[in-house]
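Beneath this line is the structure, given in structure tokens, with notes to follow.
The values are calculated or read from the model by the stated rules, or taken from the named source; none is laboratory data. Keep in mind it's a predicted model, so treat the numbers as computed, not measured. Every residue, glycine as well, gets a Cβ built from its backbone with ideal geometry; the counts of neighbours run over all protein chains shown. Surface areas here come from the heavy atoms of the whole protein model, side chains and all, with no ligands, DNA or RNA. Shrake-Rupley method; radii C 1.70, N 1.55, O 1.52, S 1.80 Å.
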Amino acid sequence: MCGIAGAFDLQGRREFSKARLLAMTSAIAHRGPEDEQVHIEPGVALGARRLAIVDLAGGRQPLCNEDGTVWVAQNGEVFEYPEFQQELLARGHTLSTRCDTELWVHLYEDLGLGMFDKARGQYAVSLWDRKERKLILGRDRVGICPLYYAEVDGWLIWGSEIKAILASGMIDARPDRKGIDVFFNTFCASTSRTFFEGVKILPPGHFLVARDGRIEMKRYWDLDFPDAGDERRLADPTPLIDELEHLMRQAVERRLRGDVPVVSYISGGLDSTGVLGLSSRERGYAVPSFTIGLDRAGPDERSQAAESAGALGSKLTMVTMGRSDIINAYPELIRAAEGPVMDSSAACLMQLAKAVHQQGFKVALTGEGADEALAGYPWFKTQQIRQGLIKVFGNGIPSAIRNVVVGSLRGDPAHLPPRYATQGFRSAQQDVYDLMAQARTHIYSGDMWNHLGPYSVYEDLGLDHDRFTKWAPLNQSLYVGYKVMLAGLLLHGKGDRVAMNSSVEGRYPLLDEDVVAFCASIAPEYKLKGLTDKWILRQVAARTLPKKIANRPKTMFRASRSEAFFDDGRPAWVDQLLSRESLEKTGYFNAEGVIRERQALAGKSRFTPRRIIMDLSLTCVAATQLWHHTFFGGGLCELPSWSPSRGKTDGPINLNGSSTHRESLSARN
């Protein structure tokens, strides 16, 4: 991957300052430590930091077409670039590089905005059409690569990270309380707004066009499922198992492409081991693997990972983290994610990416995506049980159970989300979201509630598919997972941001377009068969992996939260952030409520519903306070804060790479 940044004049042909553009690209130097280039002409500026993976010598960007009228800068990869290159050459185009980034200018010449339907992979792209004086920003289908933008003083400015936008000096950092509320309802970042007021995120599967002073956004892709009962279903599912195996092999082969060696993350579970096995088979040798071991800090999968790597002959690098390692990594995690992160395992994955970088690798394959496509999380099983209870008892029993759990929090029912917040359907995730939402009544300040007013996070979740109500219940819940958790946590705080913090590109074979479409098309019982999750994937895995691994139950990778943040041995800055003085400074939280909840947390059993939600919500409070301290001038604890002037030093930089910049020659008309 790389990092991109730029500006477009919505009012005319003002020239954007080169120094300002270089400040923006310098703030994201960790995304591309090997090269820095800019292209500036009246009314537009494109900048790129490069992490060289394809065409190491010739793929410097921004790149242009033959006559220099179309320019592009890309973060990410178009994986089918060899096939596209042959197609373009056959149609008479001249290619000056082997880099996949160059494909965009020629696809645009042939297809216009239809290029997004054609392009496949993981990308955030900025494209400038000089003849039409039109700027296009686009993002991949499921949201692997981030892209942020803001409108200020008649300019549209954008960047792969918010740091680039703040480093422009054109917009001040201000908190968006609605973005914070999304986090406290779903424990994920929003995919339609950010934590910073005035800074927007381009949603997955969307592009925007800026022209003649107007900005128009369009969705070019959305996940779809067959109508309930019309899914692919065979008396003998063997052909479907064959098809999934073929698609997975094809997806892995595409993501092994490039001019640098590739490694794989492995947890010892089904998904990552399957990806490691397929990549090793495709390469013809055992691909190196990397894993996290938790030392009294959560479920420890070291033995399973070692067993899986050993079965495939892979050289395994193990990064072990304890509670103190997790909490000590949190300030860097929040700076990388540019928002609060509840899931402490993201800190572990950040350290794992550092180990990959330190060994000289740039690309890591992961097993992300299988749980979202094939119902791997426990709440999908809970939904299955609920539906079974409804068939036996009607709606009364599940509702009664839910009311008892929610009532145990003793919160204010006025702040509970609508019972059917998702187009008339209660998704599998809704129980967790309701509990999180109810916990806010103990910790939000009156000022926070006043700022939010009648706002509901469900306005922002993008759950507006016009075919939603026609799908099977399981598929409806899977759609919610893709829209909320996949893009808002797994590909954000646990994906791009922690990997690119160490100049490492994560690649996701199970998020390949063909794999996603296949999984959407098949019957729900091939995904969740009884209470066996990812049933069809297990059948594929059984063909190449030991039976013990193929049948291994799902273990959610989670590291300690409350133990790291609140037990003895925590760093002083935790108490400083959660002090009455600091809580009153930010104004988001009720200091009395937070202090009371901390005291109650210390005396509660670790496994009651209230204890679990207190654990989650107080971790969210600490992470939000840390985010505020980091990006809004400090003053809450002894840790340093981030500022645009220091942004270029944030994150590990490959000092062995060359970092240069140039202003490209351009027509001044």
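What to note about this one:
- Beta carbons closer than 8 Å, at least 6 apart along the sequence or on distinct chains, pair a first residue in segment 304-326 that is outside any loop (DSSP other than H, G, I, E, B) with a second that is of a type in the set (F, W, Y) and open to solvent by less than 10 Å² (accessible area, probe 1.4 Å) for L316/F290; T317/F290; M318/F290; V319/F290.
- Test: residue in segment 339-361 that is free of Cβ contacts under 8 Å to residues at least 40 places away in the same chain, in contact with a strand residue (DSSP E or B) (Cβ under 9 Å, 6 or more places away or on another chain), open to solvent by 50 Å² or more (accessible area, probe 1.4 Å) and of a type outside the set (A, V, I, L, M): no
- Restricted to strands (runs of 3 or more DSSP E) entirely inside segment 1-52, those with at least 1 residues that are within 17 Å of Y148 (Cβ to Cβ) and free of Cβ contacts under 8 Å to residues at least 40 places away in the same chain are 44-50.
- Considering segment 121-160, the residues that are in a loop (DSSP other than H, G, I, E, B) and among the small types (G, A, S) include one that is most open to solvent (accessible area, probe 1.4 Å), namely G154.
- Single condition R552 does not satisfy, out of (1) of a type outside the set (S, T, N, Q); (2) open to solvent by less than 10 Å² (accessible area, probe 1.4 Å); (3) assigned to a loop (DSSP other than H, G, I, E, B): (2)
- Unmet criterion (only one of (1) in a loop (DSSP other than H, G, I, E, B); (2) touching a Phe, Trp or Tyr at 6+ places or on another chain (Cβ under 6 Å); (3) not aliphatic (A, V, I, L, M)) for Q476: (1)
Residue-by-condition table, conditions (1) modelled with pLDDT under 95; (2) of a type in the set (K, R):
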{"residue": "R120", "(1), (2)": "yes, yes"}
{"residue": "R139", "(1), (2)": "no, yes"}
{"residue": "C145", "(1), (2)": "no, no"}
{"residue": "Y149", "(1), (2)": "no, no"}
{"residue": "G159", "(1), (2)": "no, no"}
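- In segment 203-214, residue nearest to the chain's Cα centre (by Cα) [restricted to those that are among the hydrophobic types (A, V, I, L, M, F, W, C) and under 23 Å from G488 (Cβ atoms)]: F207
- S560 being out of contact with any Leu (no Cβ under 6 Å at 6 or more places or on another chain), at pLDDT 95 or above and either in a loop (DSSP other than H, G, I, E, B) or buried (at least 24 other Cβ atoms within 10 Å of the Cβ) (or both): no
- Candidate set: segment 161-179, residues that are in a helix (DSSP H, G or I) and of a type in the set (A, V, I, L, M, F, W, C); chosen: the one surrounded by the fewest Cβ atoms within 10 Å (Cβ to Cβ): I162
- Screening R14, R50 for residues that are in contact with a Cys (Cβ under 7 Å, 6 or more places away or on another chain) and open to solvent by 10 Å² or more (accessible area, probe 1.4 Å) leaves exactly one candidate, R50.
Results for (1) within 30 Å of I162 (Cα to Cα); (2) surrounded by fewer than 20 Cβ atoms within 10 Å (Cβ to Cβ); (3) at pLDDT 95 or above, shown as yes or no for each residue.
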{"site": "D512", "(1), (2), (3)": "yes, no, yes"}
{"site": "C519", "(1), (2), (3)": "no, no, yes"}
{"site": "D533", "(1), (2), (3)": "no, no, no"}
{"site": "K547", "(1), (2), (3)": "no, yes, no"}
{"site": "L577", "(1), (2), (3)": "yes, no, yes"}
{"site": "N590", "(1), (2), (3)": "yes, no, yes"}
{"site": "I595", "(1), (2), (3)": "no, yes, no"}
{"site": "L601", "(1), (2), (3)": "no, yes, no"}
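- Residue match in segment 289-303 (condition: crowded, with 22+ Cβ neighbours inside 10 Å, under 23 Å from the mean Cα position of the chain (by Cα), closer than 26 Å to I28 by Cβ and at pLDDT 95 or above): yes
- For segment 441-460, a tally of residues being open to solvent by 50 Å² or more (accessible area, probe 1.4 Å) and closer than 16 Å to P175 by Cβ returns 4.
- Here the condition is being without any contact (Cβ under 8 Å) to a residue 12 or more places away in the chain, assigned to a helix (DSSP H, G or I), acidic (D, E) and closer than 25 Å to E372 by Cα; of D300, D236, D271, D242, it holds for D242 alone.
- Residue-level analysis places F361 outside the set of residues that are aromatic (F, W, Y) and touching a Ser or Thr at 6+ places or on another chain (Cβ under 7 Å).
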